[in-house]
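Below: the structure, in structure tokens.
The values are calculated or read from the model by the stated rules, or taken from the named source; none is laboratory data. These numbers come from a predicted model, not from an experiment. Positions of Cβ are backbone-derived with ideal geometry, glycine not excepted, and every protein chain shown enters the neighbour counts.
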């Protein structure tokens, strides 16, 4: 069994039907985790949010071992955070600066028709995290 799958089963046993079949991929799991975010943020469920964001961060940082996991985290999870207001507003609090920098172009691309939202995101991120990412 792959490490990503084993780790996910330990953390998200209630979602096992989303990624335990042989044909399932980490993308299946990341989609399921992303779907949960709105409600978790609304309920301020920091325990579950921490599990999700830490797991996706772990996937992202597997780039040296598995470009597949890193890419899945970037395009299967992070880039979609800007699609909904509640998750977009949570980015400065939940996405670490090294990851924000790496996926910033995905955020910009995703919000290309909503430039004001992209600039607002970068400015808020810079303010909260005391960084200087360009907008």
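Could we say that residue 49 is surrounded by 15 or more Cβ atoms within 10 Å (Cβ to Cβ), touching a residue at least 60 places away in the same chain (Cβ under 8 Å) and either closer than 23 Å to residue 97 by Cβ or in contact with a helix residue (DSSP H, G or I) (Cβ under 6 Å, 6 or more places away or on another chain) (or both) here?
Values: surrounded by 15 or more Cβ atoms within 10 Å (Cβ to Cβ): yes; touching a residue at least 60 places away in the same chain (Cβ under 8 Å): no; either closer than 23 Å to residue 97 by Cβ or in contact with a helix residue (DSSP H, G or I) (Cβ under 6 Å, 6 or more places away or on another chain) (or both): yes.
Spelling it out, it is not the case that residue 49 is surrounded by 15 or more Cβ atoms within 10 Å (Cβ to Cβ), touching a residue at least 60 places away in the same chain (Cβ under 8 Å) and either closer than 23 Å to residue 97 by Cβ or in contact with a helix residue (DSSP H, G or I) (Cβ under 6 Å, 6 or more places away or on another chain) (or both).
Here residue 90 passes the criteria (1) assigned to a helix (DSSP H, G or I); (2) more than 11 Å from the chain's Cα centre (by Cα) except the one numbered (2). If you go through region 34-46 and keep only what is farther than 21 Å from residue 97 by Cβ, free of Cβ contacts under 8 Å to residues at least 12 places away in the same chain and part of a helix (DSSP H, G or I), you end up with 35, 39. Of all residues in region 68-123, those that are free of Cβ contacts under 8 Å to residues at least 24 places away in the same chain, surrounded by fewer than 17 Cβ atoms within 10 Å (Cβ to Cβ) and closer than 22 Å to residue 26 by Cβ total 3. The set of residues in region 19-33 being within 20 Å of residue 106 (Cα to Cα) and not in a helix (DSSP H, G or I) is empty. I'm checking my understanding of the structure. Among residues of region 56-67 that are part of a helix (DSSP H, G or I) and either at pLDDT 95 or above or surrounded by 15 or more Cβ atoms within 10 Å (Cβ to Cβ) (or both), which one is nearest to the chain's Cα centre (by Cα)? The residue in question is 56.
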